[in-house]
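The values are calculated or read from the model by the stated rules, or taken from the named source; none is laboratory data. This is a predicted model, so every value here is computed, not measured. Cβ coordinates were reconstructed from backbone atoms using ideal geometry, including for glycine residues, and neighbour counts include every protein chain displayed. Ligands, DNA and RNA are stripped out before the accessible areas are found, and what is left, the full protein with its side chains, is counted by its heavy atoms. Shrake-Rupley method; radii C 1.70, N 1.55, O 1.52, S 1.80 Å.
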Amino acid sequence: MPDSPRHEGKNITVSRWSLPALVLACVCGFVLVAAAVTSDGSDLRPAGGDLNSVLRDRAREVDTRRQEVAKLQGEVDTMGKKVDDAEMRRELRRVARLADPAGLTEVEGPGLRIALEDAPRSVDIPGLDPNLLVVHQQDIQAFVNALWAGGAEAVTLQGQRLISSTGIKCVGNTVVLDGVPYAPPYVIEAIGDRSQLQAALTASPEVTTYRQYAEKYGLGLQERDLDEVTAPAYLGSVSMRHATVVD
């Protein structure tokens with residue numbers, strides 16, 4: 001008995017939609033497999049889902065990688081010392097002498113801690129430029145430069161050692177330090193004579209301006225004397241990629 005028109009219509013419908021459905025299923029399967037491989041068993045969505053959580057996770061990940069690099073570099077240095085070559089031994093001794101002034105060794109001592117933070121969101125002054133209510137890279141640089149001028153032996157930002165070639169850049173509402181983004185509060189620590197460091201901060205016009213805005217508009221500013229500050233060794237690259245020789 002021939003099929004009825006109703007049955008024929010059903011067969012046509014199944015034939016028309018079976019191929020797209022198969023393609024869609026394959027695409028979904030590919031996406032799921034790709035996500036599993038990319039996450040390597042971890043959650044692709046950071047805990048909390050907010051920007052600060054993402055930045056903290058990325059900073060911790062970078063710090064872990066830096067620690068691994070430092071460990072490997074230590075192993076390379078140890079093996080290098082075993083090489084029986086007079087010229088290499090002289091170069092290694094030269095590198096060791098320059099490591100401390102270059103910021104490649106850990107330093108401990110008394111100092112200061114300074115924390116800078118954006119003004120609270122509740123601050124709403126009609127006509128005021130909102131850029132005046134956030135911490136900018138020039139604000140951080142003002143405090144860091146003043147501390148250097150005050151004879152700081154070592155300076156850190158967000159726990160990362162600063163050296164002469166360190167760049168502090170503002171990207172959106174975050175600050176990028178050696179390629180790692182950080183959200184406020186921005187914590188600066190310096191090792192040195194505390195009276196000299198405080199005097200240098202007081203003498204800085206840029207620091208004075210920030211203090212005035214902190215008092216007037218609520219920008220975050222906390223300053224503390226510390227009996228013990230630890231500045232870890234700088235773990236980033238010391239090679240110059242964009243510098244040119246000046247005659």
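Taking the criterion of being crowded, with 18+ Cβ neighbours inside 10 Å, under 17 Å from residue 223 (Cβ atoms) and hydrophobic (A, V, I, L, M, F, W, C), the residues of the range 149-167 that qualify are 152, 155, 157.
Quick one: would you say residue 187 is under 30 Å from residue 124 (Cα atoms), touching a residue at least 24 places away in the same chain (Cβ under 8 Å), part of a helix (DSSP H, G or I) and β-branched (Val, Ile, Thr)? When the stated conditions are applied, residue 187 does not pass them. Among the residues of the range 142-150, none qualifies, meaning not one is closer than 15 Å to residue 184 by Cβ and either free of Cβ contacts under 8 Å to residues at least 24 places away in the same chain or of a type in the set (Gly, Ala, Ser) (or both).
Taking the criterion of being at pLDDT 85 or above, under 23 Å from the mean Cα position of the chain (by Cα), surrounded by 15 or more Cβ atoms within 10 Å (Cβ to Cβ) and not polar (S, T, N, Q), the only residue of the range 90-110 that qualifies is 107.
Can you find even one residue in the range 168-175 that is surrounded by 16 or more Cβ atoms within 10 Å (Cβ to Cβ) and closer than 22 Å to residue 112 by Cβ? For the range 168-175, residues surrounded by 16 or more Cβ atoms within 10 Å (Cβ to Cβ) and closer than 22 Å to residue 112 by Cβ: present. Within the range 176-205, being modelled with pLDDT of 95 or more and open to solvent by 40 Å² or more (accessible area, probe 1.4 Å) holds for 187, 193, 194, 195, 196, 198, 199, 202, 203, 205. Cβ separations smaller than 7 Å between residues 6+ apart or across chains give the following pairs from the range 168-182 residues that are without any contact (Cβ under 8 Å) to a residue 24 or more places away in the chain to residues that are open to solvent by 70 Å² or more (accessible area, probe 1.4 Å): 176/169. Within the range 115-129, the set of residues being among the charged types (D, E, K, R) and either assigned to a loop (DSSP other than H, G, I, E, B) or open to solvent by less than 70 Å² (accessible area, probe 1.4 Å) (or both) comprises 118, 121, 124, 129.
Scanning the range 224-242 turns up no residue that is among the hydrophobic types (A, V, I, L, M, F, W, C), at pLDDT below 90, surrounded by 17 or more Cβ atoms within 10 Å (Cβ to Cβ) and more than 25 Å from residue 99 (Cβ to Cβ). Here the range 138-172 is the region considered, the condition is being outside any loop (DSSP other than H, G, I, E, B) and under 13 Å from residue 230 (Cα atoms), and the residue that is farthest from the chain's Cα centre (by Cα) is 154.
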